[in-house]
1. Would you mind stating whether Val235 is part of a strand (DSSP E or B), touching a Cys at 6+ places or on another chain (Cβ under 7 Å) and in contact (Cβ under 8 Å) with a residue 24 or more places away in the chain?
2. Output the strands (runs of 3 or more DSSP E) that fall wholly within region 241-340 and possess 1 or more residues being surrounded by fewer than 17 Cβ atoms within 10 Å (Cβ to Cβ) and of a type in the set (Lys, Arg), or say none.
3. Working only within region 215-235, note down all residues that are open to solvent by less than 30 Å² (accessible area, probe 1.4 Å) and under 25 Å from Tyr98 (Cβ atoms).
4. Across region 57-96, what is the number of residues that are without any contact (Cβ under 8 Å) to a residue 40 or more places away in the chain, more than 21 Å from Arg38 (Cβ to Cβ) and open to solvent by 30 Å² or more (accessible area, probe 1.4 Å)?
5. How many of the residues making up region 172-201 are touching a strand residue (DSSP E or B) at 6+ places or on another chain (Cβ under 8 Å), without any contact (Cβ under 8 Å) to a residue 24 or more places away in the chain and either among the polar types (S, T, N, Q) or open to solvent by less than 60 Å² (accessible area, probe 1.4 Å) (or both)?
6. Mind checking which residues of region 1-13 are of a type in the set (A, V, I, L, M) and either at pLDDT 95 or above or open to solvent by less than 10 Å² (accessible area, probe 1.4 Å) (or both)?
7. Among strands (runs of 3 or more DSSP E) lying entirely in region 1-112, which contain 1 or more residues that are β-branched (Val, Ile, Thr) and under 25 Å from Ile223 (Cβ atoms)?
8. Would you confirm whether any residue within region 218-234 is modelled with pLDDT of 95 or more and more than 19 Å from Ile148 (Cβ to Cβ)?
Amino acid sequence: MGYRVVVAGATGNVGREMLNILAERRFPADEVVALASRKSLGTEVSYGDKTLKTKDLDTFDFTGYDIALFAIGAGPTKEYAPRAAKAGCVVIDNSSLYRYEPDIPLIVPEVNPDAVEMVKNRNIIANPNCSTAQMVVALKPLHDRARIKRVVVATYQSVSGAGKEGMDELWDQTKGMYVPGQERAPKKFTKQIAFNVIPHIDVFMEDGSTKEEWKMVAETKKIVDPKIKVTATCVRVPVFVGHSEAVNIEFEDFLDEDEAREILREAPGVMVVDKREAGGYVTPVECVGDFATYISRIRQDSTIDNGLNLWCVSDNLRKGAALNAVQIAELLGNRVLKKG
């Protein structure tokens, strides 16, 4: 007997990707239900070779369902996740709502799978921020070998991280640069995104960092090790899909770049493409649609005793969101629910 699965927010970028990945990975589901807000009621979405009509999230009864993948934002999640959890359906939430609550697990399956046992606390599991997820997949195997002291990361985040509106704005502004009369002023972003970069994602905080940068700090500590110091600068770039990160790591012990490269080659969820030649690295365009987190440009940092630099690229709609959520569902099934 397979699982009964719900995807809430099925008409959005991440929700559609969740359905795609459930089908691609042949998740053992007897039933998959697509939920959306009332304004999207009846919209058809694809699940493998099937077409599902969305049902109304507001009136849906979660009783008898095993797993609900949520991609509806923190506001609606606050209302609907407790309802699903109370009905006995485990919520895997893609929003930031529950990530920092100590009794709710925040999981990247390649990094901290044992945390799934905490689901018994509240029947809710949090999915990490997209920029954090791909970075910790690379950090964890290196941390196990040489203990990471400090991480300095600059992100280059695609507009899909801001949803369909972000993708539309890049498209429209790019067209408007060439077609007189079709110019588009910034609406979703604070400044022009076409042919530009914006060092501002999410709201500003009192210390001058943005919420996105704070998320990377707090989530890395919760997922990998609270002792790791992290500082981040998060930047929106005119790329449709795929986040990139330039990561500088300081270790307690020396780690040779060649050994680091071999460790990462063996690490789950990681693909190393690192040739010291033109094109011997991965860019966001090449990672779209892939499950892996790609690592390139691994090299010693000569300015500190125990430092490495690397370049990290991943499809943010997949590993940063939908894929990680489905992997959590697989982990939950194997370790906790054990159905079928």
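1. So Val235 fails the test.
2. 293-301
3. The answer is Lys215, Met216, Ala218, Glu219, Thr220, Ile223, Val224, Asp225, Ile228, Val230, Ala232, Cys234.
4. 2
5. 1
6. Val5, Val6, Val7, Ala8, Ala10
7. 3-8, 67-70, 90-93
8. yes
The values are calculated or read from the model by the stated rules, or taken from the named source; none is laboratory data. If you're wondering where the values come from, they're calculated on a predicted model, not measured in any experiment. Virtual Cβ from ideal backbone geometry, glycine too; neighbours counted across all protein chains shown. With ligands, DNA and RNA removed, areas are computed over all heavy atoms of the protein, side chains included. Shrake-Rupley method; radii C 1.70, N 1.55, O 1.52, S 1.80 Å.
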